[in-house]
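To keep things clear, I will list the structure first and then write my remarks on it.
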Amino acid sequence: MKSLVPFAVVLAVGFILNGSLTHAVCPKPKFIDLTFSFNNETVFWGSRNITFSTEVEQTMPGGFWMAARSFCTSEHTSTHIDAPYHYNQNGRRLHEIPFEDLIDVPGVMIDIFDKVHKFKDGKLVVIQNYVLTRQDILEWEAKNGKIPQGAVVMLYTGWGMRWGDNNEYMGIPEGAKVDLNEFPPSYLNFPGYDISAAKFLAEERQVRGAGIDTLAIDPGNTKVSWHIIQYQLK
């Protein structure tokens, strides 16, 4: 899965009864670290990378210790938001997206693990560049209900098991010729959203956004980007 930002939840519940505050009894919260290390092995799109440098790491003339480091990275890696401006010159930039569009909004998760992976001869194999279609969404809605307007749709493919191995996560076949200047790349393989699904979500369900646990919301071998479809509709 894409590198996840630190996330922890602490639940505290209180009730106002007759003017007095009464606290519900809750067990001690358990904190779960969902992060991955951000380092030279982090998966980046194309030829992008990350550089680290040490600014100072020594005892200073005043006798005290000081350590300070810096890093430079592309914005398109790990868990992140692609603002509409990414593929739409007139689209909103990240700072122009109101918090109301990002916090306390309806969310749904569509699980397509079993469509991306199949067991064959006792082994788990991958369906090459599987795409979520409009029909897949309609089938999901038949079981789970209609996706509400303004929702954020998260697509679970199970691709996170490949995180930490760049070639596995990008789906680059062994021995494949890699041209970092090729766009869109023909050598990538990972699941994503089909154009029919993109148009359906944008036009008929009017979702706020869509996410996925792969390198991009488009399938690895895409020729027409759902990035572009979605942002042109905004």
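Bear in mind that the values in this text are calculations on the coordinates, not laboratory data. In this text the structure is predicted, and so the values were computed from the model without any measurement.
Going by a ≥ b ≥ c, the root eigenvalues of the Cα gyration tensor, does the range 83-232 fall in the rounded group (a/c under 1.5), the prolate group (a/b larger than b/c) or the oblate group?
Working: a/c = 2.00, a/b = 1.29, b/c = 1.56.
Since a/c reaches 1.5 but b/c is at least a/b, the shape of the range 83-232 is classed as oblate.
Non-local amide H neighbours of Ser74 (under 5 Å, H modeled in plane, Pro and chain starts lacking H): which ones?
Residues meeting the amide H criterion: Asn49.
Amide H of Ile212 versus every other amide H placed in the peptide plane: which residues, excluding those fewer than 5 positions away on the same chain, fall under 5 Å?
Leu155
Do any of Lys118/Lys143; Lys120/Lys199; Lys30/Lys118 go past 28 Å between their Cα atoms, and which? Display every interim value, and only then the final one.
On the way: Lys118/Lys143 22 Å; Lys120/Lys199 33 Å; Lys30/Lys118 34 Å.
Beyond 28 Å between Cα atoms: Lys120/Lys199; Lys30/Lys118.
Can you bin the range 51-168 into rounded, prolate or oblate? Criterion: square roots of the alpha carbon gyration tensor eigenvalues sorted a ≥ b ≥ c, rounded for a/c under 1.5, prolate for a/b above b/c, oblate for the rest. Spell out each step's value before the answer.
Numbers: a/c = 2.91, a/b = 1.61, b/c = 1.81.
The shape class here is oblate.
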